[in-house]
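Data block below; observations after.
Derivation of every value follows stated rules applied to the coordinates shown; laboratory data play no part. Here the structure is a predicted model, which is why all the values come from computation and not from measurement. Don't worry about glycine lacking a Cβ; one is built from the backbone with ideal geometry, like all the others, and counts go over all protein chains shown.
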């Protein structure tokens, strides 16, 4: 097995653990390869010999690796997923961030994780991906998201109207700051922050969570992942923004139409023995922790 290594190069906490890992991989003769930015950063900091970095650098980590370790937080793992794209190379998130719902292996556990990878004692968890198509400046665009799509107003002044139909049948007109369309993976991200439900990753659903709706009766809504969702946006006198996993695209027309559906590919996440989604929730959200006061 060949281990790919990537990560968030803007984090100072990245470099020492990765340099220590490479030293260990060399000692144990474990095959590995490095993202170009990781190799350059290690060499520039004189943490790993430059010739060794050059020897193990791969221009396309997804094709060169059997499993990719992504050092950072959930945002880093999302970026890694988009670099892998539809090729399906499994990803294991190593957390050097804060919450870490996706990057759920702590950095001190990375050697143990690699032993499991080497022994084949791990599982692959395919995660649902959404895709959307829309027009920007006369060009048809397609983008995909592992966590969520967010339609939001492009300016600070007024709310936007979002007419949503599901499989051709009207669902609701949202008058709000925006609308989140999340996968089960994204249920613990932005959707959770606006009181959307937490959904088990293996569930085949899409969650619609409005942002500050101008109606007390509007609540998050769960749809089948096989649904085709059309959102027609009236931004009044301002364009709106579409964000796919946090990457924003300005929709220049004040009236825009987007069609969302299940993507043809999935993102494969590595799960190690003893890892369970409930355990992650209890740990990250501190469920069951009592505040003992004297």
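Within 10 Å of each residue's Cβ, count the other Cβ atoms and sort 132, 165 from fewest upward.
Working: 132 21, 165 16.
Listed from fewest to most nearby Cβ atoms, that is 165, 132.
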(Q) Using a Debye calculation, one point per C-alpha and no hydration shell, please list log10 I(q)/I(0) for region 130-262 at q = 0.13, 0.16, 0.22 Å⁻¹ in order. (A) -0.47, -0.73, -1.45
Q) Given the options 149, 71, 278, which has the most mean-square fluctuation in a GNM of the chain, springs set between C-alpha atoms less than 10 angstrom apart? A) 278
Q | Helix 110-119 axis, angle to the chain major axis (alpha carbon atoms, nearest 10°) | A | 80 degrees
Q: At 7 Å along the Cα-to-beta-carbon direction for both residue 225 and residue 137, put a label point, then send me their distance in nm to one decimal.
A: 3.4 nm
Q. To the nearest 10 degrees, how steeply does helix 15-27 sit against the main Cα axis of the chain, on a 0 to 90 scale?
A. 50 degrees
Q) Using the per-residue mean of other Cβ atoms lying within 10 Å as a proxy for protection, in what order, highest first, do the peptides 200-208, 281-289, 174-182 fall? A) 174-182, 200-208, 281-289
Q. What FRET efficiency do you get for residue 28 and residue 50 if R0 is 25 Å and r is their Cβ-Cβ distance, rounded to the nearest 0.05?
A. 0.70
Q: Show me 118-125, 245-252 ranked by packing, highest mean number of other Cβ atoms within 10 Å first.
A: 245-252, 118-125
Q) From Cα coordinates alone, what are the radius of gyration and Dmax values for region 144-217 in angstrom? A) 12.5, 39
Q | Estimated Rh, the chain: Kirkwood, alpha-carbon pairs, angstrom | A | 20.6 Å
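Could you compute Rg(Cα) / (2.2 N^0.38 Å) for region 191-294, with N its residue count? If you can, show how the numbers build up before the last one.
Values: Rg = 18.3 Å, N = 104, 2.2 N^0.38 = 12.8 Å.
Its radius of gyration relative to the 2.2 N^0.38 Å reference: 1.42.
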Q) If you take the C-alpha gyration tensor of region 1-155, multiply each eigenvalue by 5 and take the square root, what semi-axes do you get, largest first, in whole Å? A) 30, 18, 16
